[in-house]
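Engineer: Dumping the structure here so I can ask a few things about it.
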Amino acid sequence: MTITDQAPSAPLVPDEAARRALDATITTLRAGEQTWAGMSIAQRIALLGKVHASVAAQSEQWVAAAVRAKNLDPDSPLVGEEWLSGPYCTLTALMVLPHTLAAVAAGESPVAAKKLGVAPGNRVTVPVLPNNAFEYLLLHGFSADVWMKPGVSEADVRANAGLGALTPKSTGGVGLVLGAGNISSIAPLDVLYELVANNRVVLLKLNPTMNELLPVYTAAFAPLIELGVLAIVTGAGDVGSYLAHHRDIAHVHITGSAITHDVIVWGLGPDGVARRTAGTPVLEKPITSELGGVSPIIVVPGKWSKADLRFQAQHVATQRLHNGGYNCVAGQVVVLSKQWPQREEFVAELRTAMAAAPERVPWYPGSDSRVSAASAAYDTADRLGKGGGRLLIDTRHGASASAMETTEYFSPVLGIVEVPGTGQAFLDAAVDYANASLVGTLGANVIVAPATLRKLGAGFDETLARLEYGTIAVNAWTAVGFLTAGAPWGAFPGHTIGDVQSGIGIVHNAFLLSDTERTVVRGPFRPFPRSFVGGEFSLAPKPPWFVSARSARRTGQLLTRFAAKPSWFKLPGIFASAFRA
């Protein structure tokens, strides 16, 4: 279950004036669908270029609005999170998508120039990070590969890349995007994917927590709004419900909780339960979704230095505390080995990192009640931070981990469990545990020292193939996959509306790949210069998304300015800021 939302007890309906305004907006979009169908690929490329320019022009205002929405100190290093997860990743998507469309227009595959690889099970892999020389330097030591579904050939990958752009006149009606309330780029990226990949014009309904950004979104996406292919509305659950079930909405995409998804699909109360049992949804149209879950952080035992223990503890703390803990892919359960001699040292460092992370006001609705629920379930949890608002739950001494495994707390709550074994035996046990015990399949993280990785050999990737998550990060956080324009983002394939877990379908995916299974992100175990100790060729310092990165605000701003207008001359300033982290 997830407790980020509570379902209303009865259907809500907007008043008549609001319904008329929403109907008129949908009518405008239906006309915009014809405009979109009539646009050539070249015209769409030009349009995306205009959007890139308008997003770049609004980037400062975008971040300022997000800071206000989240009650964040504008001078805090944590403002770097708003740069990277807001305008930065939106701009990078708007750089890759036109290249993808240009390839399609030229009659070529968007991945024609890429060297495809092979993963266990003869899966074809597509490298998406780094995508160019700039990314090679800016994210040195990081990589991401998309693993295709088993049975998909290299020829299939190249031929089918392009999705809706391959048939631009075959539009898909008006799509409703029910925007996320936690990260400011999620809704814009969902809009772009609906337009470009699915040929659907979009009605975006903002989550109320993001209403502060309405003026920024309106200006940043003015080229789409003025063309009639995008409209943005605000409102509460009554507006979302009315639109989801509107006869002229062809498709729904939601980022949120499984509870909200199920209310939309099955309805409320006993009638909703009966419909679900009978398999007769009240929603009479397709729905895709990204719904979060309980993400594992698997710590493979090895011989670590004091610096390794401290750095990786900060890494794990970041995976929970980034954005205050309100991320769908936040790490929630740390999986340790019972036989790791250094596990107590690591837990001590983790406790320190959780306590020392910059303070911030709990800003997402219901956070305090979710922390209280976790505290009630685990009354021996460590309360960390100045106000004690961060929980570290250690279940290794007899407490049941069940609540932590099946509840997405969506707040600064982190748990610890143990499984037996070392080496390959531990990795197998940890993967089995994550697959069987944790709700959701959005993202999984694995931390492993280079020496241990070498000992595991080919067995490591074979085990990754059994880890059923949409994004897997090795010595990185899965959010790097979110930030990577070419990486598909979503749950592991196979969920249904009756058992939705982390959702159905994917977004982002700027190369418009078809039949993807997962993304595997890899990063350096140690930051530069210690990375060379274990034979890793990586020049990356402490990443700017770490909550302990002191220069994150400036680095995020500089990276966004770079994404607005790339230049070799901007790199030295970015590196200088990053190395002050």
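The values are calculated or read from the model by the stated rules, or taken from the named source; none is laboratory data. Note that the coordinates shown come from a computational prediction; the quantities given were computed from them, not determined experimentally. Cβ coordinates were reconstructed from backbone atoms using ideal geometry, including for glycine residues, and neighbour counts include every protein chain displayed. Keep in mind that these areas ignore ligands, DNA and RNA; they rest on the heavy atoms of the full protein, side chains included. Shrake-Rupley method; radii C 1.70, N 1.55, O 1.52, S 1.80 Å.
Engineer: Return the whole-Å distance between the Cα centroid of the range 460-515 and the Cα centroid of the range 174-208.
Structural biologist: First find each Cα centre; the distance between them is then 18 Å.
Engineer: With a 1.4 Å probe and all protein chains in place, put 190, 75 in order of accessible area, largest first.
Structural biologist: Putting 190, 75 in descending order of accessible area: 75, 190.
Engineer: Just subtract the alpha-carbon distance of residue 550 and residue 422 from 0.36 nm times their residue separation and send over the number in nm, one decimal.
Structural biologist: Going from the current span to full extension adds 42.6 nm.
Engineer: If packing is taken as the average count of other Cβ atoms within 10 Å, what order do 276-282, 159-165, 129-135 fall into, highest mean first?
Structural biologist: 159-165, 129-135, 276-282
Engineer: I've got another one for you. Need one number for the range 187-275: average projected area of the convex hull over its C-alpha atoms, nm².
Structural biologist: 6.4 nm²
Engineer: Explain nothing, just compute: Karplus ³J(HN,Hα) = 6.51 cos²θ - 1.76 cosθ + 1.60, θ = phi - 60°, for every residue of the range 502-514 in order, whole Hz, x for Gly and Pro.
Structural biologist: After applying 6.51 cos²θ - 1.76 cosθ + 1.60, I find 8, x, 10, x, 9, 9, 6, 6, 5, 8, 6, 6, 9 Hz.
Engineer: Quick one: if you stick a label point 7 Å off each Cα along the C-beta vector at residue 569 and residue 37, how many nm between them?
Structural biologist: Result: 4.8 nm between the two label points.
Engineer: Roughly speaking, what is the centre-to-centre gap between the range 348-398 and the range 244-279 when only Cα atoms are used, to the nearest Å?
Structural biologist: If we compute the Cα centre of each part, the gap is 33 Å.
Engineer: Express in nm, to one decimal, how much length is gained between residue 60 and residue 122 on full extension, taking 0.36 nm for each residue of separation and deducting their alpha carbon distance.
Structural biologist: Fully extending the segment from residue 60 to residue 122 adds 17.8 nm.
Engineer: Let me ask something else about it. What nm distance separates the two modelled labels at residue 219 and residue 359, each placed 7 Å from Cα along Cα→Cβ?
Structural biologist: 3.3 nm
Engineer: Shifting gears a bit: Give the relative contact order (percent, whole number) for the chain; include only Cα pairs under 8 Å separated by 6+ residues.
Structural biologist: 20 percent
Engineer: Another one. Taking 0.36 nm per intervening residue step and subtracting the Cα-Cα distance, what contour gain separates residue 18 from residue 154 on full extension?
Structural biologist: Difference between extended and current length: 43.9 nm.
Engineer: Counting heavy atoms of the protein chains only and a 1.4 Å probe, report the per residue accessible area for the range 519-581 as a whole number of Å².
Structural biologist: 46 Å²
Engineer: Still on this structure, I have one more. From largest accessible area down, sort 108, 349; use a 1.4 Å probe on the protein chains.
Structural biologist: Ranked list, largest accessible area first: 108, 349.
Engineer: Can you match mean projected area of the Cα convex hull in nm² to one of these, (1) 28.7; (2) 24.3; (3) 30.7, based on a calculation from the structure here?
Structural biologist: Entry (2).
Engineer: Here is a follow-up. Ignoring ligands, DNA and RNA, what percent of the accessible area of the chain is carbon or sulfur (1.4 Å)?
Structural biologist: 57 percent
Engineer: Report the FRET efficiency, 1/(1 + (r/R0)^6), for residue 461 and residue 515, where r is their Cβ-Cβ distance and R0 is 25 Å, rounded to 0.05.
Structural biologist: The pair residue 461/residue 515 has a calculated efficiency of 0.80.
Engineer: Quick check for you: with a 1.4 Å probe and neighbouring chains kept, what is the accessible area per residue of the range 311-433, in Å²?
Structural biologist: Ligands and nucleic acids excluded, the result is 34 Å² per residue.
Engineer: How do 526-533, 394-401 rank on mean C-beta neighbours within 10 Å, highest first?
Structural biologist: So the peptides 526-533, 394-401, ranked by packing, come out 526-533, 394-401.
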